[in-house]
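All remarks here apply to the structure that follows.
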Amino acid sequence: MTSVNHQNSPGDVTVARTSLSRVRNLPVSIEAALRAGGLDGAGAAVSSARPLKGGAQASTWLVRTSGPEQEFIFREFPPGDDAAVREARILRALGGLHGLVPVLLADGVDAISARQWTLTSRLPGAADLLPADRSAWASQLGSALARIHAAPVSHAAGLPSLFGRPEAGASPEALSGQAADPVAAGWESLTSGPFVLCHGDYYSGNTLWDGGTLTGVVDWPCATAGTPGIDIGWCRLDLCLLYDEQIADTFLASYEAAGGITGDPLPWDLWAAARSHRDVETWATSFTDLGRSDLTAAELRRRHTAWTTSLLARTPR
């Protein structure tokens with residue numbers, strides 16, 4: 001799981017436009033990005049740039065400009081990582097998805113560092129993993145996912161399949177843990193249609209909230225055409241790690257009520273458990289950045305084991 005916390009906080013690095021490249025660790029590509037997006041008018045200036053916590057794959061910055069006052073999200077990826085290209089392609093196709101998704105303003109590659117980058121609109125809100133009303137929160141996660149899955153699957157044309165990537169869960173051989181064997185046994189049915197547009201890393205940390213309302217879904221490099229269970233199982237795992245199965249069921253019921261494709265979630269719950277078995281402890285840092293310091297590596301492993309055990313008890317032998 002990867003995420004970016006778009007929440008405002010103190011500690012902005014205030015810079016003059018002419019000295020932008022001299023600020024320590026500040027990507028010099030920010031100026032190029034603003035130019036590419038046509039956002040550097042005669043009176044425009046970068047007034048501040050602040051790194052955002054939570055992103056494991058990219059360095060992410062909240063950029064503020066004056067003349068006029070605007071806010072943007074700048075993401076810079078490691079050299080050789082094509083995630084920026086994939087994210088730019090899907091964001092360009094989605095066109096904001098009626099306000100649910102950031103709008104791509106520009107993308108490119110820095111000639112010096114060879115780092116690829118994207119510049120997008122900034123959606124309102126912040127990640128919220130401690131909602132006041134858990135049921136309403138989970139319900140909105142479900143209805144938002146149904147909106148994504150209802151988008152034309154053609155938007156994912158040209159993007160690599162999840163099952164063709166060299167990562168955990170992309171093949172039976174990449175699975176681990178006790179859930180791996182039953183998932184491998186049903187692999188053919190898991191990877192057959194119907195296909196929809198999938199986010200590919202849909203979980204609470206990649207959503208934004210404002211006043212208890214879901215305002216956006218971010219972090220799109222893993223988008224793909226795939227079966228709905230890719231996103232369903234992944235989000236249900238997240239909700240079980242954060243809270244419990246009841247919240248995961250609330251999410252699923254809302255997804256189905258909003259027109260999402262129905263079906264038995266068990267095969268995809270098992271897949272998510274087997275996909276994450278090897279790495280779940282490493283998510284502790286991201287959860288801490290998003291306000292859940294109680295989810296230590298040991299606690300994540302304990303909850304993951306309990307969820308896997310529960311799933312296996314329901315699996316036909």
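Since every read-out is calculated from the coordinates, none of them should be taken as a lab result. Remember, it's a predicted structure, so these values are computed and weren't measured experimentally. All Cβ positions, even for glycine, are placed from backbone atoms using ideal geometry, and neighbour counts span all protein chains on display.
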If each K or R counts +1 and each D or E counts -1, the residues other than His149 whose Cβ falls under 12 Å of its Cβ total -1
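Can you tell me the FRET efficiency between Ser189 and Ser293 if r is taken as the Cβ-Cβ distance and R0 is 35 Å, rounded to the nearest 0.05? It would help to have the intermediate numbers written out before the result.
On the way: r = 39 Å, r/R0 = 1.12.
So the FRET efficiency works out to roughly 0.35.
Among 223-232, 171-180, how do they line up from the highest to the lowest mean number of other beta-carbon atoms within 10 Å? Kindly include the intermediate steps, with their values, before the conclusion.
Numbers: 223-232: 24.4, 171-180: 17.4.
Packing proxy ranking, top to bottom: 223-232, 171-180.
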Estimated FRET transfer efficiency when R0 is 25 angstrom, pair Asp264-Asp210 (beta carbons, to 0.05): 0.15
Would you kindly state how much longer the chain becomes between Ala170 and Arg314 on full extension, computed as 0.36 nm times their sequence separation minus their alpha carbon distance, in nm to one decimal? 49.5 nm
Of the listed values (1) 63, 49, 39; (2) 154, 48, 23; (3) 68, 39, 33, identify the label whose number matches Cα extents along the principal axes in Å calculated from this model. (3)
Given only helices, namely DSSP H runs of n ≥ 4 each adding -39500 (n - 2.57), what is the per-residue ellipticity at 222 nm of the chain, to the nearest 500 deg cm²/dmol? -10500 deg cm²/dmol
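Mean projection of the alpha-carbon convex hull of the range 123-267 over all orientations, in nm²?
Working: hull surface 34.4 nm².
The orientation-averaged projected area of the Cα hull of the range 123-267 comes to 8.6 nm².
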Can you classify the range 237-317 as rounded, prolate or oblate using the Cα gyration tensor, where a ≥ b ≥ c are the square roots of its eigenvalues, rounded means a/c under 1.5, and otherwise it's prolate if a/b beats b/c and oblate if not? oblate
Taking R0 as 25 Å, what FRET efficiency do you get between Ala111 and Ala45 from their Cβ-Cβ distance, rounded to the nearest 0.05? 0.60
